[in-house]
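Below is one structure, written out as structure tokens, with a few remarks after it.
The values are calculated or read from the model by the stated rules, or taken from the named source; none is laboratory data. Bear in mind that the values here come from a model prediction, so they are computed numbers and not experimental data. When we count neighbours, we look across all protein chains shown, and the Cβ atoms used for this are built from the backbone with ideal geometry, even at glycine. Accessible surface is based on the protein model in full, side chains and every heavy atom, while ligands, DNA and RNA are left aside. Shrake-Rupley method; radii C 1.70, N 1.55, O 1.52, S 1.80 Å.
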Amino acid sequence: MEKLIITAAICGAEVTKEHNPNVPYTVEECVREAGLAYEAGASIIHLHVREDDGTPTQSKDRFKVVMDAIHAKYPDVIIQPSTGGAVGMSNDERLQPTELNPEMATLDCGTLNFGGDEIFENTENTIKYFGEKMIERGIKPELEVFDKSMIDMALRLHKKGFIQSPMHFDFVMGVNGGISGTLRDFVFLRESIPADATYTVAGIGRFEFPLAVAAIVDGGHVRVGFEDNTMIAKGQVAESNGQLVEKVVRLAKELGREIATPAEAREILGLKQK
């Protein structure tokens, strides 16, 4: 079985210090949280960026400052910027961090109701446009899927040349408006991707660690972090993203799964070694 790649989604675009005072906003806070996650065993930092007051932004300049600061201290970590941005942003605004030519970036594969009047919009033409830009810039997409239909969309656009093989999926499970975080639905998604594809599972809230165990046993990979869940256990606020990663490492060791280094993660995902 391949070694386990752990991704840390350190801040997201929606979670705030009101949810957990350790959620990072500033450059220094992002470096701290990325470092704690990396030192605990994360190979990939899934990155949103904020202004110092917590306002989400897709500014290329802000991404560059944060990415450079993380790489200055942790040069081998894989930084995976989000192109999801926040609800209401334009396509080109969301794509700004890809202009920095990261190794990976996320590519959302469908539209989702986020609750109330909020719609996270990803039309077919948007997905094609993002796919073309990532191919042009030599970026491996992590295909964010919130439901089975989004896997179908990714497979169809792969056949049309907008997404290249081997594909890497992220099953985001338990989001309001998306697929649930049950084991039944995990198996459904897992059995719907190609044999040569890899996947990570990101369970939201209380689904985070049960789905992490499922992925560890199945041979998949795991994402944790404040973007998805701010609690280390029921009623207990997590001290850091590193604490969430440490819990996955403990679970993996109990289940006999070794943790991938960034170099090993690059090999598994087909990325160029640094």
Task: Cα Rg, Dmax, segment 13-122, angstrom units - done: 13.9, 41
TODO: Take every Cα pair under 8 Å in segment 16-136 that's 6+ residues apart, average their separations, divide by the length, and report that relative contact order as a whole percent.
DONE: 20 percent
Task: Percent of beta bridges antiparallel (DSSP, segment 49-150, rounded to nearest 5) - done: 50 percent
Open item on the list: Can you give me the convex hull volume of the Cα atoms of segment 190-241, divided per residue and expressed in Å³?
Closed with: 78 Å³
TODO: Would you work out what percent of the accessible area of segment 156-216, with all protein chains in place, is carbon or sulfur (probe 1.4 Å)?
DONE: 57 percent
Open item on the list: More than 29 angstrom separation, counting every C-alpha pair in segment 72-224; what % is that?
Closed with: 14 percent
Task: Extent along principal axes [Cα atoms of the chain; Å; largest to smallest] - done: 44, 43, 40
Task: Inter-centroid distance (Cα atoms) of segment 209-274 relative to segment 135-160, Å - done: 23 Å
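Taking only DSSP H segments of four or more residues, each worth -39500 (n - 2.57), what value at 222 nm results for the chain once the sum is divided by all its residues, to the nearest 500 deg cm²/dmol?
It lands at -11000 deg cm²/dmol.
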Task: Convex hull projection area averaged over all views, segment 186-274, Cα basis, nm² - done: 6.4 nm²
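Would you kindly work out the equivalent ellipsoid of segment 130-172 from its C-alpha gyration tensor and give its semi-axes, the square roots of five times the eigenvalues, largest first in whole Å?
17, 12, 8
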TODO: Return the Cα extents of segment 140-200 along principal axes one, two and three, sorted largest first, each rounded to a whole Å.
DONE: 31, 21, 17
TODO: Could you please state how large a percent of the accessible area of segment 1-132 is carbon and sulfur, counting protein chains only and using a 1.4 Å probe?
DONE: 47 percent
TODO: Find out how many positive minus negative residues lie around Ser165, taking Lys and Arg as positive, Asp and Glu as negative, among other residues whose Cβ is under 12 Å from that of Ser165.
DONE: +1
Task: Heavy-atom surface of the chain, accessible at 1.4 Å and reported per residue (Å²) - done: 42 Å²
- [ ] Could you check what % of the DSSP bridge pairs in the chain are antiparallel, to the nearest 5?
- [x] 20 percent
Open item on the list: Tell me the volume per residue, in Å³, of the convex hull enclosing the alpha carbons of segment 60-161.
Closed with: 109 Å³
- [ ] Identify, among Met167, Phe226, Pro24, the residue whose Cα sits farthest towards the positive end of the charge dipole of the chain, taking +1 on the Cβ of Lys and Arg and -1 on the Cβ of Asp and Glu, with the dipole about the Cα centre.
- [x] Met167
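If contacts are Cα pairs under 8 angstrom and at least 6 residues apart, what is the relative contact order of the chain in percent?
With pairs under 8 Å counted, the relative contact order is 24 percent.
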TODO: Run the dipole for the chain about the Cα centre, Lys and Arg Cβ at +1, Asp and Glu Cβ at -1, nothing else charged, and hand back the magnitude in debye, nearest 20.
DONE: 640 debye
- [ ] Have a look at segment 45-100 and give its Rg and Dmax from the Cα atoms, expressed in angstrom.
- [x] 11.1, 33
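About its Cα centre, how strong a charge dipole does segment 195-243 have in debye, to the nearest 20, once Lys and Arg get +1 and Asp and Glu get -1 at the Cβ?
Details: 3 positive and 6 negative charges, 37 e Å.
I would put it at about 180 debye.
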